[in-house]
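Below is one structure; the comments refer to it alone.
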Amino acid sequence: MDRTRISVMCVDDHRLVREGVATLINQELDMEVVASAANGEEAVVLFRQRRPDITLMDLQLPAMSGLETIRAIRRHQPDARIIVVTVHQGEEDIFRALQEGATTYLLKDSLTDDLASCIRAVYDGKTPLSDGIKARLEERKSHKPLSARELQIVELIAQGMRNKEIATTLGISDETVPVHMRRLFAKLGVNDRSAVIGVALRRGLIHIR
């Protein structure tokens with residue numbers, strides 16, 4: 001079957017990654033990189049200018065996150081086909097990306113083997129997800145969701161704040177913080193603050209750059 005040349009935009013804040021992805025893609029006879037962006041704002045502008053068939057999107061971008069960029073692109077073109085390409089494999093990262101409208105989710109350590117076939121599948125209207133990604137989404141279903149307040153507290157714990165500092169930052173009483181802590185520990189299945197950070201990082205609830 002004849003296939004038109006698939007146009008691809010790569011969005012990643014690391015130049016070496018963009019160049020490496022371009023090398024992988026441009027060696028394929030049926031696809032080419034037509035745009036490359038180092039941040040979300042640039043990606044939105046280039047998307048409107050070049051209208052790529054497929055956009056490869058990192059999640060960790062300066063200023064405007066990958067999720068925000070996906071949202072902005074899909075506001076302009078609701079049927080935009082976006083493949084998240086990232087090192088993050090936390091269940092929340094995957095869930096949020098797909099919720100925002102990413103077509104599929106690809107880990108950077110599998111690019112050499114999977115990138116071209118994934119691009120072709122998405123171009124053909126498919127939504128390929130690896131068994132590993134599906135397993136993380138299934139695992140997420142067994143976890144109790146955190147409230148917005150609990151997520152704030154996780155972020156503040158990761159910043160090294162103690163209970164009194166958390167209370168001051170959030171504008172709540174000193175007595176309220178331990179109540180939130182007990183609920184947070186129960187939901188995450190942990191017994192101390194350091195374990196909160198470990199579980200939150202693994203699940204993709206927070207990131208430390």
(request) As a check on your grasp of the helix formula, calculate [θ] at 222 nm for the chain: sum -39500 (n - 2.57) over DSSP H runs of n ≥ 4, divide by the residue count, round to the nearest 500. (result) -16000 deg cm²/dmol
(message) Straight-line reach only, C-alpha to C-alpha below 23 angstrom: list the lysines that K144 could link to, leaving out same-chain residues fewer than 8 apart.
(response) K134, K187
(request) Any chance you could get the radius of gyration and Dmax over the Cα atoms of the chain, in Å? (result) 19.5, 68
(request) Would you list, by chain and number, the aspartates and glutamates whose Cα falls below 19 Å from the Cα of K141, excluding same-chain residues fewer than 8 positions away? (result) E91, E92, D93, E100, D131, E150
(message) Can you pull out the trypsin sites (Lys or Arg not before Pro) in segment 1-67 whose DSSP state is coil and whose Cβ has at most 15 other Cβ atoms within 10 Å?
(response) R3, R5
(request) Just the number, please: carbon plus sulfur as a percent of the accessible area of the chain, 1.4 Å probe, no ligands or DNA/RNA counted. (result) 50
(request) Name all residues of segment 64-78 having a backbone nitrogen under 15 Å from the label point set 7 Å from the Cα of V45 along its Cα→Cβ direction, giving them as ranges. (result) 64
(request) For helix 91-100, report the angle its Cα long axis makes with the longest principal axis of the Cα atoms of the chain; keep it between 0 and 90° and round to the nearest 10°. (result) 60
(request) Skip the ligands, DNA and RNA, and give the accessible area per residue of the chain with a 1.4 Å probe, whole Å². (result) 52
(request) Take the Cα coordinates of segment 88-201, assign each an equal point scatterer, and use the Debye formula without solvent to give log10 I(q)/I(0) at q = 0.18, 0.19, 0.20 Å⁻¹. (result) -0.91, -0.97, -1.03
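The values are calculated or read from the model by the stated rules, or taken from the named source; none is laboratory data. Quantities reported herein were computed from a predicted structural model and do not represent experimental measurements. Quick reminder, even Gly has a Cβ in these numbers, built from the backbone with ideal geometry, and neighbours come from all protein chains shown. Side chains included, ligands, DNA and RNA excluded: accessible areas come from the protein's heavy atoms. Shrake-Rupley method; radii C 1.70, N 1.55, O 1.52, S 1.80 Å.
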